Amino acid sequence: MKGNFWILVLLGISTSSILSQTLVEPNQNFVWENFSFVFPEAVVVKQNSTMSKKLTVYPAKRDGFFMVVRTLPWKEGLEDKTTWKDSVFTKGIEPKQFQKAVGNLNFQIFQADQVRNQNALRNQVWVSIDSSPSLWIWIQWKSDRKDLTEFFESNRFLPL
């Protein structure tokens, strides 16, 4: 009986997530899993650690954007990585694809505009091509926020 109890406790600990939240000021360098990020305004960064690591970023003061970052432990080719874009873009939307090199990392980027809840939104999914672990970034912002469009499209959020 005691053996079953300890097995359940260990199983629960290994599968439960550990959450932490941090307030990050504008233009402050935030390091997570050896990757560095900068944000255009004060944000709340929520870190979730389970088997796969996840970072969720949302503005502290006003609406406008959010960002989700995951590490993906794969070594397959880019063909398998495109399935992650399908979790973001609505069926029928074929996002524009292009590649960018930022520092020593190469990214495949998928980008498309969508309308949700009467808001015009720009979505980008960044997938690192040759890093291990792979980095998956989903950024969504309101299209009418020109400051955010300029910030994210010039990839200033990744000061590698």
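Quick look at the values:
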{"quantity": "Residue within the stretch 109-116 that is closer than 16 Å to Asp86 by Cβ and surrounded by fewer than 17 Cβ atoms within 10 Å (Cβ to Cβ) present", "calculated": "yes"}
{"quantity": "Qualifying positions in the stretch 93-102 - loosely packed, with under 11 Cβ neighbours inside 10 Å and either over 18 Å from the mean Cα position of the chain (by Cα) or more than 17 Å from Phe152 (Cβ to Cβ) (or both)", "calculated": "Glu94, Lys96"}
{"quantity": "Residues satisfying the stated conditions in the stretch 87-110, i.e. outside any strand (DSSP E or B) and touching a Pro at 6+ places or on another chain (Cβ under 7 Å)", "calculated": "Phe89"}
{"quantity": "Selection from the stretch 20-40 of residues that are in a loop (DSSP other than H, G, I, E, B) and touching a strand residue (DSSP E or B) at 6+ places or on another chain (Cβ under 9 Å)", "calculated": "Glu25, Pro26, Asn29, Glu33, Val38, Phe39, Pro40"}
{"quantity": "Selection count, the stretch 52-70, where residues are in a loop (DSSP other than H, G, I, E, B) and either touching a residue at least 40 places away in the same chain (Cβ under 8 Å) or touching a helix residue (DSSP H, G or I) at 6+ places or on another chain (Cβ under 8 Å) (or both)", "calculated": "2"}
{"quantity": "Contacts under 6 angstrom Cβ, first residue in the stretch 99-111 being over 16 Å from Phe37 (Cβ atoms), partner among the charged types (D, E, K, R) and loosely packed, with under 12 Cβ neighbours inside 10 Å, 6 or more apart", "calculated": "Asn106/Asp130; Gln111/Lys96"}
{"quantity": "Selected residue (criterion: modelled with the highest pLDDT) from residues of the stretch 69-83 that are crowded, with 18+ Cβ neighbours inside 10 Å and β-branched (Val, Ile, Thr)", "calculated": "Val69"}
{"quantity": "Considering residues of the stretch 5-56 that are surrounded by 10 or more Cβ atoms within 10 Å (Cβ to Cβ) and at positive phi only, the residue modelled with the lowest pLDDT", "calculated": "Glu33"}
{"quantity": "Selection count, the stretch 122-160, where residues are within 16 Å of the chain's Cα centre (by Cα), over 13 Å from Lys100 (Cβ atoms) and charged (D, E, K, R)", "calculated": "1"}
{"quantity": "Ser128 surrounded by 14 or more Cβ atoms within 10 Å (Cβ to Cβ), touching a residue at least 24 places away in the same chain (Cβ under 8 Å), within 18 Å of Val69 (Cα to Cα) and among the small types (Gly, Ala, Ser)", "calculated": "no"}
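The values are calculated or read from the model by the stated rules, or taken from the named source; none is laboratory data. Here the structure is a predicted model, which means the values were calculated and not measured. Here Cβ is always computed from backbone atoms with ideal geometry, including for glycine, and neighbour counts include all displayed protein chains.
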